[in-house]
1. Could you go through segment 328-337 in sequence order and give the Karplus-derived ³J(HN,Hα) for each residue, using 6.51 cos²θ - 1.76 cosθ + 1.60 with θ = phi - 60°, rounded to whole Hz, and x for Gly and Pro?
2. Using r as the Cβ-Cβ distance of residue 320 and residue 270, and R0 as 30 Å, what FRET efficiency do you calculate, to the nearest 0.05?
3. Here are some pairs, 196/279; 118/240; 100/137; 137/196; which of them have Cα atoms lying more than 23 Å apart in this structure?
4. Between residue 69 and residue 227, what FRET efficiency follows from the Cβ-Cβ distance if R0 is 30 Å, with the result rounded to 0.05?
5. Would you calculate the separation in nanometres between label points at residue 161 and residue 102, each defined as 7 Å from the Cα along the Cα-to-beta-carbon direction?
6. Can you tell me the dipole magnitude for segment 45-202 around its Cα centre, using point charges on the Cβ only (Lys, Arg +1; Asp, Glu -1), in Debye to the nearest 20?
7. Along segment 272-282, what does the Karplus equation 6.51 cos²θ - 1.76 cosθ + 1.60 (θ = phi - 60°) give for ³J(HN,Hα), rounded to whole Hz, x for Gly and Pro?
8. ³J(HN,Hα) across segment 209-223 via Karplus (A = 6.51, B = -1.76, C = 1.60, θ = phi - 60°), whole Hz, x for Gly/Pro?
Amino acid sequence: MSSASPQPLTPEGSVEAFYVHEPYVLTFGKDSVDIWRAGGPHGRLEHIATLAQFVLAPPSRLDPVFDTDRNLIIIADGAHGDGLPSLVVFSLVDGQLIRKLELYGSLNENGLPYADGKILVAIEEDKEHFPPHGLTKILLCDVVGDGGILGSVNLPARLQAREELRLNTDGGVLLPVHVRPNGDIVATSSEAWGEKMEILFWRGADISESPEPAASFTLDCGIEDGDTIYPICSAPLDEKTRLLAVYEAFGSTPQVGSACQTSIFAIDAETMTIRWHAKPIGGWVHTIRYIAALDVIVAFGRHQQWQHDDYDKRDTFQYVVALDPATGSERRMETINHGV
């Protein structure tokens, strides 16, 4: 274990990527990966440890996971050459390698949902192994015990035709996805353009034997005569409730005026029911968070309006919306003239 000592951090020429979580900073250099802690003497970062094994910075949008309760850092290591992707777990205290979990397929770069020692990894298998379009899987992995890969889920057979469209959508199929501490998984049918989408639920205890969802329900496009609905982002509200922002529009119409909106749902993952459905917000909500200290839901979005006969006379703006977490009612909305 390397002793903690105050050192200046000089990113120029030495740090290729860095990630921040609470007081910790994880830096990836050309030859080493280092753990630092903020709040040291003289306003400098304290160097805690160098990881015992060098790993490259993770792929885009696969930020390392910090479990400060267990003093762990989990890093997704993408496949290089003919190698397999893996999850590498290090000690947050001394940088020692705790375990390495080999995966398969190719990593889908859309986050690593984590809860109580369990982590979800989205992978894609090619069409040679799963004709005709390949297959997206969500791997449920145990990074604390010796369980390794506990199982995987994928779209049920009735929805697998959506795999054909996944390369033309932002997040592909099954995303966004959420894992509960008991291993239960809540996912969506896809981000493909369609008039309907499904919310899917798998029980963690059954995943190794039954890849089919234990429950599901359908959401329809909320715009009259609309033909497009797909999930944008999600976030936890409490231990059993998930917030989900869903985009609704006319498929051939840009994000303007009343032709598009975002609906925000609070979904009970235990009963697979909708607790509340907030009044739709014009435009596109790209980020949503529950702020426990203030007991408020905050959503960030953007909207664009113009005269249909004059594109140059357009009004583009960002906005911030505050919602009541118990009912979804709007507390406040402010527009912003800068990007959010």
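A short reminder: the numbers here are calculations on the coordinates, not readings from a lab. Small disclaimer: the values here were computed from a predicted structure and weren't measured. Cβ: placed from backbone, ideal geometry, glycine included. Neighbour counts: every protein chain shown.
1. x, 5, 7, 8, 6, 9, 10, 9, 10, 8
2. 0.50
3. Pairs exceeding 23 Å: none.
4. 0.10
5. Using points 7 Å along Cα→Cβ, the separation is 3.9 nm.
6. The calculated dipole for segment 45-202 is roughly 260 debye.
7. After applying 6.51 cos²θ - 1.76 cosθ + 1.60, I find 6, 10, 8, 5, 7, 10, 5, 4, x, 10, x Hz.
8. Karplus-based 3J(HN,Hα) across segment 209-223 equals 9, 9, x, 6, x, 7, 7, 6, 8, 10, 10, 9, 4, x, 8 Hz.
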